[in-house]
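What follows is a short report on a single structure.
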Amino acid sequence: MLARTSSSRPFSVIASIFCLFGVCGSASAQSIENGKPVASPFEQWDTNSDGFLSRDEFPKRFPAGLFKRIDQDRDGRLSRTEDDRFRESRRSENNGHRNRGGSINDRVRLPKGATVDQDLVYETIHGRDLPLDLYRPQAENPTALIIWIHGGGWKSGSKAGGGPGVFQLLQRGYAVASVEYRLSGEAVFPAAIEDCKAAVSFLRLNAGKYNLDPGRFGVWGSSAGGHLVSLLGTTNDVDQFDTHPVTRKSSSSVQAVCNWFGPSDFLRMNDFPSRINHDAADSPESRFIGAAIQKNPQKVQRANPAKYASAGDPPFLHLHGDKDQLVPFNQSEILHAALQASGVDTTLYKVVGGDHGFGGSKDSREELIEKSIRFFDSKLQSDSP
């Protein structure tokens, strides 16, 4: 245990690092300041909202060895669980094991009266359960539902945390579902979209049980999750991805789509400079498809949301940074144009200066979350103007 001495400079430096990393508070759970939710450090650093911190997302101001120290499973990324364990161990050292309240397993601080049903199994594939978490506000009447689909390049990510706006959505009377889907290391396209379709159908089938309005389902996702929610929206009238049994019992359609910087046309992602070569055989897109994308254009076309744009699609809101170096801004432009050409209600908001995850943008993350929720208000809430 570190010695308790106010004159120890090494101790003060280490303590400062721990405070920056969230040991002096909760780094994973949202906090409340002046009655408003404030994004936690973990959420602020997790720029692609996939529930993990990559080395690129980890703040450069921390010592070089700290990332490796926290990364207990040595997978090259930090999970919320690893973050929690690190902070709790540091708290124990620095505070003599005094209990400061709160569980290290907490993921989201809920508004008063809200509840969460964790790990609801929406489908089982070859003995593998597919779960979702359902957050519900205190409400007498059936509520609108926002379904969050996480990002992570289709190869990583987690349903933990419920998405960037879960606290605000619950405060506004929405239910929120956060979905786990099969990643590309487990099953390639179309597995992920088939899973997402099944989750929507499960929630609609059980709407009465969970006090949900089956006619007011919105979807929201970032990066790879933005791609999947866009595909959900443009395939309302397409049944080729309704392969799980539950989709034959209840509709997988959605009524509003919020796409945060998701790909829409894989074969055009290299049109602009990027941090990765999207055409490479080991790119996230190629791994998602199961083969090099340029050598499999027909399969890639099936995965492109823009291909399915049609007049019956629900309203869309796209938020995308014009300096995105991972998913080029043109990806939202392509889908927005395809929807416009089909007469669909679609809005593209350029996040000026924003890189992937909106880092460097003039808009704050809180402002972008609010813009997204107001979109859902306008499309899903019956008392909206």
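Read-outs throughout are calculated quantities, based only on the coordinates presented, and are distinct from any laboratory measurement. All values derive from a computational prediction rather than experimental measurement. Cβ: placed from backbone, ideal geometry, glycine included. Neighbour counts: every protein chain shown.
The share of C-alpha pairs in the stretch 170-321 whose separation exceeds 28 Å stands at 19 percent. What trypsin sites (Lys or Arg not before Pro) in the stretch 207-299 are in a loop by DSSP, with at most 15 other Cβ atoms within 10 Å of the Cβ? Passing sites in the stretch 207-299 are 209, 249, 275. Over the stretch 115-380, what relative contact order in percent results from Cα pairs under 8 Å that are six or more residues apart? Taking the mean separation of contacting Cα pairs over the length of the stretch 115-380, I get 17 percent.
The chymotrypsin sites (Phe, Trp or Tyr not before Pro) of the stretch 116-190 include none that DSSP puts in a loop with a beta carbon having at most 16 other beta carbons within 10 Å. Close amide H contacts of residue 143 (hydrogens built in the peptide plane, cut-off under 5 Å, sequence separation of 5 or more or a different chain): 212, 213.
Based on Cα contacts under 8 Å between residues 6+ apart, the stretch 226-349 shows a relative contact order of 30 percent. Find how many whole Å separate the alpha carbon centroid of the stretch 153-229 from the alpha carbon centroid of the stretch 285-325. Using only Cα atoms to place each centre, the spacing works out to 18 Å.
Which pairs, out of 112/371; 197/371; 112/155; 249/350, put more than 32 Å between their alpha-carbon atoms? Pairs exceeding 32 Å: 112/155; 249/350.
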